[in-house]
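Asker: Take this structure, written in structure tokens, and hold onto it; I'll ask about it next.
The values are calculated or read from the model by the stated rules, or taken from the named source; none is laboratory data. Computed from a predicted structure; not experimentally measured. All Cβ positions, even for glycine, are placed from backbone atoms using ideal geometry, and neighbour counts span all protein chains on display. In case anyone asks, the SASA skips ligands and DNA or RNA and just uses the protein heavy atoms, side chains included. Shrake-Rupley method; radii C 1.70, N 1.55, O 1.52, S 1.80 Å.
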Amino acid sequence: MANLVLAVLTARRIARNAAPLACALALGGLVVLDAAAPLPPLAAATALLVLLVALVQRARRRAAAIEASALLDLEVGALLLVATFATVLRLDGSLDGDAHAALYVVIALVSAFARPGASLLVAIAAAALEIAVRSAAASRGAPSLLDVTRAAAPHIGFMAVFSLLNATILRAELGRVRKASHTRLQAEIERLRDDARSYRLLSAPAQARGVAQKGDDERLARSGVEEIHQSVLFALRLLRESLELYTAVLLWQNDAGTHLRISELASDAPNLSEGPFLSGDGVFGAAITQRAPVVLGGLKPGYKLPYYVGPSPVRAVCALPVFEHGQLRGVLVVDRVEDRPFSPRELELIDEACRYAVRAIQNERVFVQLERAKVEQGKLYRAAEGLGAATTEAGVIEAGVTSAREITSVDFAAVTLYDEAQKVHEIRAVSGDGVAELTGQRFRHNAGLVSMVLQNRHPLPYRGEYDEKRQIVFTRRVTPPSMPSIIVLPLVVHDRPLGTLVLGSRRRAAFTDSVRSTLEVLASHMAVSLSNARMVRRLEELATMDGLTGLLNKRAMLEVADQKITAARRFSRRLSVLVTDIDHFKKVNDTYGHDVGDVIIKGLGDVLRRAKRTTDAVARFGGEEFVVICEETDARGAMLLAERVREELGRTTFHAAGSNGPVQCQVTCSIGIATYPEAGSTWEELFKAADESLYVSKRSGRNRSTAWSPAVRSNSAHPPAAEAGAPAKHAAEATGAAKQAAEAGATATARHAAEAAATARHAAAPATARPAATAAAARAAAAKPAAGAPTAQRRPAVTGGTGGAPAAPGQDGAPSAGRRAAAAAQAPGKAPGEAEPRSKPRRPPDVDPTSKPKTAA
């Protein structure tokens, strides 16, 4: 469907773009038909109206376009050509009349203003239409194509001549005018920059600055220079009118101190020189050398002054040096035609004008500096806002690189992150050239710029001037694109290195002092945001992950379960839940300690992580219990997964450091399976069904998997008769054995009596529940403690045995069958047949998954 929509949109776009040319072609065909036989007046008027509308519409669009495309030029030229042919035919009736010269004008106009390719196509179309019209007009005499071409050859030749002449001469003239205008504009811009630098409005040459910084500085400098000129011009005009001067001119010295240039003047003299002037010329040199006013009077006619071309008409002149903070900055020169020397009062006014000009320059310089600081603060504010809004490492990196591009001209940017434990750097993100080659590269701490910057906590290289032959950024093998300007900034938080920000520019000296200081502030903001993003990610992990296994915890699993069950219900899919529990886990904790138990829990988590699919979810639900949610999985598929997990866990040998040395042990697990929607339609129902299946596996001998079925729930709700109530004979035997064990001797203990009662209860169970025991063996075992009270009991070894192994007393935190039987026998008011069932379906555990598994005392 998407491809069809894309094809339709493409066809519409092509048809819309080709419509004007198709219209011109159709109208050209009508012109040819009109030449063969005049069209009816109504058809001719309709065609003319369509032609005029199309021509006006395309011409208006061409006039509004700053840079018109070749297609638009071709459309306008073709429509104009068709209109001209139609007009010539209607006026003269043929192409041999006086009106045919209008075609040459159209060809010249199109060649002058259209693109070369469009001009060539229009000329070819004019020649083809000329031949077609002549062929149609002479169709009655049936002339040959050669005769028609011979008749049209002079006209086609004139078209070619007009086209070439206008394409060469007129375009050359237009190019010359454009070049001259561009040269004058650049000269004016350069003069503006010189004024700004001489007034200290710019701190560095413009070509050494980036595009963004350059644009801001030029805007500020333009406004500052204009304000200075207005203030100085006002002072000079006021001085000229008050002192009846002929010329008042302020000359400003360049940075080298070798030349003077006219900064502002007020004069009616027609022969003033534009300069620049040498600082040692005439009256200028005298004022600069003496660093005091120089006053000349009674000058002879024709006296040569440096700022006049030829003889000067003045008779008195005064030159005052202009100082700023004790440094010579220029010279103010005033003169008059009247032969009258300057009085002390006039010299005082001239000195006041000098100080006024200097104050105007200083004020404007302060204003420009404040304006520039405001601009930089605005950039940093936007950068801080973007970095503060980013909550991930990728978001912080993207915001930092974007902010760096706003501060200066950046053609390459990379962010490296540093692993302080392993001493390894990783290029996490790259913008610009070399993205595929550099992203993800890792390298060890070395002598490159990245490593040195983190070690010294200082940006490198000095002034951002990079020499790829002598300097290494990452490694000799991993290198950035070749650029003259590269700077590496450290990302440090609380003296802890996080990584580096690498910026490169194809402009030389792109990272000046002012830019570098701003980038350092940006890097510090970026480091803080990067640290915050890492803490947010860590908090998310702690809130959703189990600290021991790295799997989902219970709270996260419940959220995932709701989402997956909702999706299964929405799309009518199967979904299976597996509940896994380690067999005899209390024995492991009692025998080897909880640290070994933690190793086994982590091992089972690794087994489940390897066995699951990408779309499955695994969580530690509590203690030694794990839950797996499998999408698009029925009961058969879930059983295959459960058997694979169970068999792999049984084959795994766990190695741990016990209290008495290294420990090797093997364990098994029991698994319960429930499938949506057969076992339930909500999470609570599915978990309860899987838990019931798990306990069926436990009661059936452990180390096995059980899928839920209605029989499982009925068995869980109504335990077998042998479980609910034993025959009176078995209860009596259990009671007698307990009493006999209590009276056997002084060394017998209540624990031995309870174990004897448990053994008797084991013998009283049906064969289906305890297939490995017989009634005779049980009675012999029950009598054994009474015959001779043992002094110690041996713990059974932990194995990964089959389901036929007897359960350990007190396993899984539940009382053993013998203890329950003994308690039932000793409980007052309860008959032997009223003993409680061996086990009940558990509720979903509600424990802290980060704590160690709880075991019975």
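Asker: Which of the residues belonging to segment 138-166 are modelled with pLDDT under 75, open to solvent by 40 Å² or more (accessible area, probe 1.4 Å) and touching a helix residue (DSSP H, G or I) at 6+ places or on another chain (Cβ under 6 Å)?
Answerer: Scanning segment 138-166 gives a single hit, S139.
Asker: Moving on. Of the numbered conditions (1) outside any loop (DSSP other than H, G, I, E, B); (2) open to solvent by 20 Å² or more (accessible area, probe 1.4 Å); (3) within 26 Å of D495 (Cα to Cα), H458 fails exactly one; give the number of that condition.
Answerer: Evaluating H458 over (1) outside any loop (DSSP other than H, G, I, E, B); (2) open to solvent by 20 Å² or more (accessible area, probe 1.4 Å); (3) within 26 Å of D495 (Cα to Cα) leaves (1) as the failure.
Asker: Please work out which one of (1) part of a helix (DSSP H, G or I); (2) under 28 Å from G117 (Cα atoms) is the condition L95 fails and give its number.
Answerer: (1)
Asker: For T416, all conditions in the list (1) over 15 Å from L522 (Cβ atoms); (2) at pLDDT below 90; (3) within 15 Å of the chain's Cα centre (by Cα) hold save one; what is the number of the exception?
Answerer: Answer for T416: the failing condition is (2).
Asker: Could you tell me whether segment 424-435 includes any residue that is in contact (Cβ under 8 Å) with a residue 24 or more places away in the chain, open to solvent by less than 10 Å² (accessible area, probe 1.4 Å) and either in a loop (DSSP other than H, G, I, E, B) or more than 22 Å from S482 (Cβ to Cβ) (or both)?
Answerer: No, because not a single residue in segment 424-435 is in contact (Cβ under 8 Å) with a residue 24 or more places away in the chain, open to solvent by less than 10 Å² (accessible area, probe 1.4 Å) and either in a loop (DSSP other than H, G, I, E, B) or more than 22 Å from S482 (Cβ to Cβ) (or both).
Results for (1) without any contact (Cβ under 8 Å) to a residue 40 or more places away in the chain; (2) in a helix (DSSP H, G or I); (3) in contact with a Leu (Cβ under 7 Å, 6 or more places away or on another chain), shown as yes or no for each residue.
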| position | (1), (2), (3) |
| --- | --- |
| V82 | no, yes, yes |
| F85 | no, yes, yes |
| A102 | yes, yes, no |
| V106 | yes, yes, yes |
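Asker: Is there a residue in segment 519-536 that is open to solvent by 30 Å² or more (accessible area, probe 1.4 Å), without any contact (Cβ under 8 Å) to a residue 60 or more places away in the chain, part of a helix (DSSP H, G or I) and within 24 Å of I472 (Cα to Cα)?
Answerer: yes
Asker: Right, here's the next one. How many residues does segment 458-492 contain that are in contact (Cβ under 8 Å) with a residue 40 or more places away in the chain and not aliphatic (A, V, I, L, M)?
Answerer: Residues in segment 458-492 being in contact (Cβ under 8 Å) with a residue 40 or more places away in the chain and not aliphatic (A, V, I, L, M): 7 in total.
Asker: Could you pull out the residue among E723, E733, E692 that is among the acidic types (D, E), surrounded by 16 or more Cβ atoms within 10 Å (Cβ to Cβ) and at pLDDT 90 or above?
Answerer: It is E692.
Asker: Pick out the one residue from E632, E643, E647 that is on the phi > 0 side of the Ramachandran plot and surrounded by fewer than 22 Cβ atoms within 10 Å (Cβ to Cβ).
Answerer: One residue alone meets the criteria, E632.
Asker: Within segment 645-686, count every residue that is in contact with a helix residue (DSSP H, G or I) (Cβ under 8 Å, 6 or more places away or on another chain), part of a helix (DSSP H, G or I) and closer than 30 Å to R570 by Cα.
Answerer: Going through segment 645-686 one residue at a time, the tally reaches 3.
Asker: I've got another one for you. Check off (1) modelled with pLDDT of 90 or more; (2) closer than 16 Å to Y246 by Cα; (3) open to solvent by 30 Å² or more (accessible area, probe 1.4 Å) for R336 and give me the number that stays unchecked.
Answerer: Exception for R336: condition (3).
Asker: Can you find a residue in segment 110-117 that is touching a Leu at 6+ places or on another chain (Cβ under 6 Å), free of Cβ contacts under 8 Å to residues at least 40 places away in the same chain and buried (at least 16 other Cβ atoms within 10 Å of the Cβ)?
Answerer: No, every residue in segment 110-117 fails to be touching a Leu at 6+ places or on another chain (Cβ under 6 Å), free of Cβ contacts under 8 Å to residues at least 40 places away in the same chain and buried (at least 16 other Cβ atoms within 10 Å of the Cβ).
Asker: Going by the structure shown, is E624 open to solvent by 10 Å² or more (accessible area, probe 1.4 Å), out of contact with any Cys (no Cβ under 9 Å at 6 or more places or on another chain) and either within 30 Å of D495 (Cβ to Cβ) or not basic (K, R) (or both)?
Answerer: No.
Asker: Only one residue in A2, A36, A70 is touching a Ser or Thr at 6+ places or on another chain (Cβ under 8 Å), at pLDDT below 85 and open to solvent by 30 Å² or more (accessible area, probe 1.4 Å). Which one? Even if it seems obvious, please write down each step before you answer.
Answerer: Numbers: A2 fails: touching a Ser or Thr at 6+ places or on another chain (Cβ under 8 Å); A70 fails: touching a Ser or Thr at 6+ places or on another chain (Cβ under 8 Å).
Only one candidate qualifies: A36.
Asker: Restrict the check to segment 343-356 and report whether at least one residue is crowded, with 17+ Cβ neighbours inside 10 Å, farther than 20 Å from E241 by Cα and not hydrophobic (A, V, I, L, M, F, W, C).
Answerer: No, segment 343-356 contains no residue that is crowded, with 17+ Cβ neighbours inside 10 Å, farther than 20 Å from E241 by Cα and not hydrophobic (A, V, I, L, M, F, W, C).
Asker: Let me ask something else about it. Quick check, is R178 surrounded by 15 or more Cβ atoms within 10 Å (Cβ to Cβ) and charged (D, E, K, R)?
Answerer: Answer is no for this residue.
Asker: Filter segment 589-623 down to the residues that are part of a helix (DSSP H, G or I) and among the polar types (S, T, N, Q), then identify the one that is nearest to N553 (Cα to Cα).
Answerer: From segment 589-623, those part of a helix (DSSP H, G or I) are 589-592, 594-611; that's our starting set.
From what is left, the residues that are among the polar types (S, T, N, Q) are 589, 591.
On the way: N589: 22, T591: 27 Å.
Within segment 589-623, the match that is nearest to N553 (Cα to Cα) is N589.
Asker: Is it the case that R651 is without any contact (Cβ under 8 Å) to a residue 40 or more places away in the chain and closer than 18 Å to S576 by Cβ?
Answerer: no
Asker: Can you tell me which condition R613 does not meet? The list is (1) in contact with a helix residue (DSSP H, G or I) (Cβ under 6 Å, 6 or more places away or on another chain); (2) surrounded by fewer than 19 Cβ atoms within 10 Å (Cβ to Cβ); (3) not aliphatic (A, V, I, L, M), and all the others hold.
Answerer: If we test R613 against (1) in contact with a helix residue (DSSP H, G or I) (Cβ under 6 Å, 6 or more places away or on another chain); (2) surrounded by fewer than 19 Cβ atoms within 10 Å (Cβ to Cβ); (3) not aliphatic (A, V, I, L, M), just (1) comes out false.
Asker: Further question on the same structure: For G224, indicate whether it is under 24 Å from A510 (Cα atoms), crowded, with 19+ Cβ neighbours inside 10 Å and at pLDDT 65 or above.
Answerer: In short, yes.
Asker: Can you find a residue in segment 91-104 that is among the aromatic types (F, W, Y) and either in contact with a Gly (Cβ under 6 Å, 6 or more places away or on another chain) or open to solvent by 20 Å² or more (accessible area, probe 1.4 Å) (or both)? Steps first, please.
Answerer: So in segment 91-104, the residues among the aromatic types (F, W, Y) come out as 104.
If we keep only those that are either in contact with a Gly (Cβ under 6 Å, 6 or more places away or on another chain) or open to solvent by 20 Å² or more (accessible area, probe 1.4 Å) (or both) too, we end up with 104.
Yes: segment 91-104 contains one or more residues that are among the aromatic types (F, W, Y) and either in contact with a Gly (Cβ under 6 Å, 6 or more places away or on another chain) or open to solvent by 20 Å² or more (accessible area, probe 1.4 Å) (or both).
Asker: Could you list all residues from segment 381-397 that are buried (at least 17 other Cβ atoms within 10 Å of the Cβ) and out of contact with any Lys or Arg (no Cβ under 8 Å at 6 or more places or on another chain)?
Answerer: Result: A383, A384, G386, L387, A390, V396.
Asker: Can you tell me which residues in segment 44-67 are among the small types (G, A, S), modelled with pLDDT under 85, assigned to a helix (DSSP H, G or I) and open to solvent by 30 Å² or more (accessible area, probe 1.4 Å)?
Answerer: Once the filter is applied, which keeps residues that are among the small types (G, A, S), modelled with pLDDT under 85, assigned to a helix (DSSP H, G or I) and open to solvent by 30 Å² or more (accessible area, probe 1.4 Å), segment 44-67 yields A59, A63, A64.
Asker: Would you check which residues across segment 557-580 are open to solvent by less than 10 Å² (accessible area, probe 1.4 Å) and of a type outside the set (V, I, T) and list them?
Answerer: Answer for segment 557-580, where residues must be open to solvent by less than 10 Å² (accessible area, probe 1.4 Å) and of a type outside the set (V, I, T): M557, A561, A568, L575, S576, L578.
Asker: Check off (1) over 27 Å from A394 (Cβ atoms); (2) buried (at least 20 other Cβ atoms within 10 Å of the Cβ) for R463 and give me the number that stays unchecked.
Answerer: For R463, the failing item is (2).
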